[in-house]
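The values are calculated or read from the model by the stated rules, or taken from the named source; none is laboratory data. These numbers come from a predicted model, not from an experiment. FYI the Cβ positions are ideal-geometry reconstructions off the backbone, even for glycines, and counts take in every protein chain you see. All accessible areas refer to the heavy atoms of the entire protein, side chains included, with ligands and DNA or RNA removed. Shrake-Rupley method; radii C 1.70, N 1.55, O 1.52, S 1.80 Å.
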Amino acid sequence: MIMKKRSLRVGLIGYNFMGKAHSNAWRQAGRFFDLPAEIEMRTLCGRSPAGVNAAAASLGWSKTSTDWREVVSDPVIDIIDICTPNDCHYEIAIEAAKHGKAVLCEKPLAMNVAQCEDMVAAVKKAGVVNMICHVYRRIPAMALAKAMIGRGDLGDRIYHFRARYAQDWITDPAFPLVWRLQSKIAGSGSHGDLGAHIIDLGRYLVGEIKEVCGLMETFIKERPLQAELGAGLSAKASSKTGKVTVDDAVSWIGRFKNGALANLEATRFAQGRKNHITVEINGSKGSLVFDFEDMNRLKFYNADDPADARGFRDILVTESIHPYAGAWWPPGHIIGYEHTFVHAFADFTKAVFAGKSVQPTFADGLANEKVLAAVSESAKTRAWVRV
Ligand code: SOE
């Protein structure tokens, strides 16, 4: 369905850490990218009336609601953006699709493969544009890596995809049992929260994954219950305790359909690692290396360089010819975390206007979920599992 409107109205469900990142991106996308439609930040939705009103005032939303059903059925809204905890994605996305809204959903897409399948079927049936928020695909260095691999800079074979996503915000055993540590709300722990992102990068850069063999660990099995949620990922503990029902860390190896080997790790127990994503890809003619803490750079080794001058070259991905970079600042004036959301939302807005979904779609969310499920099964059964 091609949009005729010159203005697209957004309803955002959820206003914590991700809600803030999404609000910023909705505000910035049309200011830095040439979009075919104006974005109107119409309604912010959340459970607490005081919380949602305060968030709307500071983040720039015109209206508020405490009832997501009211927002998804509001005829003036074109786009529903879902930033809630994982257990709500399913119901909200399906209802939004039924009401003909374009849907943007945080990752992981849902709690399990069956839910993801239903969500893919719902957006397909409704013919609505859909996207899952794996924003790290839109780091200019990652988009450049994709282009370089596509044009053969690493050769005609990829041998290895190695990726690690490491954080340390729950290493203190006194850190409370927030929703991200409860399987009934989050589905899984570091696996779906962090691992999903690097699985998505692997599929984006190298291809589909065929089989996996993994292990998972929950280092701290009991924690104080949450008394109060704070800003960002912080929370206050109460005196009662409860069981941690998700993984703290996961490691796995696997094989892509094209024969490349996968080696991935996601953990929230890497002291000193705050939001550390590293990727290394080795091909028959070269390698690429990326580190999110230095996200404006991509390292490239070209085996065809003269033998006495071979080595990793350091590409500062801020030239106007680089993906997304031209929309921002002159070369060398670097960008950060929040820009990845702006890039995704600019592309999504263009897609909604054109009536064509843009990657990563809900189908990618489903494909990622199948890998997550296969790794979980492998960790449980201690065997290789086909995806
Ligand atoms: C918390 O671990 C978190 O906010 C994730 O939920 C995001 O997906 C990740 O990109 C940053 O860390």
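The residue list Asp172, Asp168 contains one member that is more than 18 Å from the chain's Cα centre (by Cα) and either more than 16 Å from the ligand (Cβ to nearest atom) or surrounded by fewer than 16 Cβ atoms within 10 Å (Cβ to Cβ) (or both), which is Asp172.
In a residue-by-residue description of the stretch 273-293, the property of being within 23 Å of Phe33 (Cβ to Cβ), in contact with an Asp or Glu (Cβ under 9 Å, 6 or more places away or on another chain) and among the small types (Gly, Ala, Ser) applies to no position. Considering (1) open to solvent by 20 Å² or more (accessible area, probe 1.4 Å); (2) free of Cβ contacts under 8 Å to residues at least 60 places away in the same chain; (3) more than 18 Å from Val352 (Cβ to Cβ), the lone condition that Glu38 does not fulfil carries the number (3).
Of all residues in the stretch 97-122, those satisfying the criterion of being farther than 20 Å from Ile185 by Cβ and touching a residue at least 12 places away in the same chain (Cβ under 8 Å) are Ala97, Lys98, His99, Gly100, Lys101, Ala102, Val103, Leu104, Glu117, Val120, Ala122.
Each row is one residue, and each column tells you yes or no for (1) of a type in the set (D, E, K, R); (2) within 16 Å of the ligand (Cβ to nearest atom); (3) open to solvent by 20 Å² or more (accessible area, probe 1.4 Å).
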position	(1), (2), (3)
Ala145	no, no, no
Gly150	no, no, yes
Ala163	no, yes, no
Ile198	no, yes, no
Leu201	no, yes, no
Lys221	yes, no, yes
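Could you tell me which residue of the stretch 203-219 is nearest to the ligand (Cβ to nearest atom), considering only residues that are over 21 Å from Phe269 (Cα atoms) and open to solvent by 60 Å² or more (accessible area, probe 1.4 Å)? Restricting to residues being over 21 Å from Phe269 (Cα atoms) and open to solvent by 60 Å² or more (accessible area, probe 1.4 Å), the top hit is Glu208. Do we find a residue being within 16 Å of the ligand (Cβ to nearest atom) and of a type in the set (Lys, Arg) anywhere in the stretch 95-112? The answer is yes, given that some residue of the stretch 95-112 is within 16 Å of the ligand (Cβ to nearest atom) and of a type in the set (Lys, Arg).
Total residues in the stretch 56-85 satisfying the condition of being in a helix (DSSP H, G or I) and open to solvent by 10 Å² or more (accessible area, probe 1.4 Å): the figure is 6. Take Lys274 and tell me if it is assigned to a strand (DSSP E or B) and open to solvent by 50 Å² or more (accessible area, probe 1.4 Å). Answer is no for this residue.
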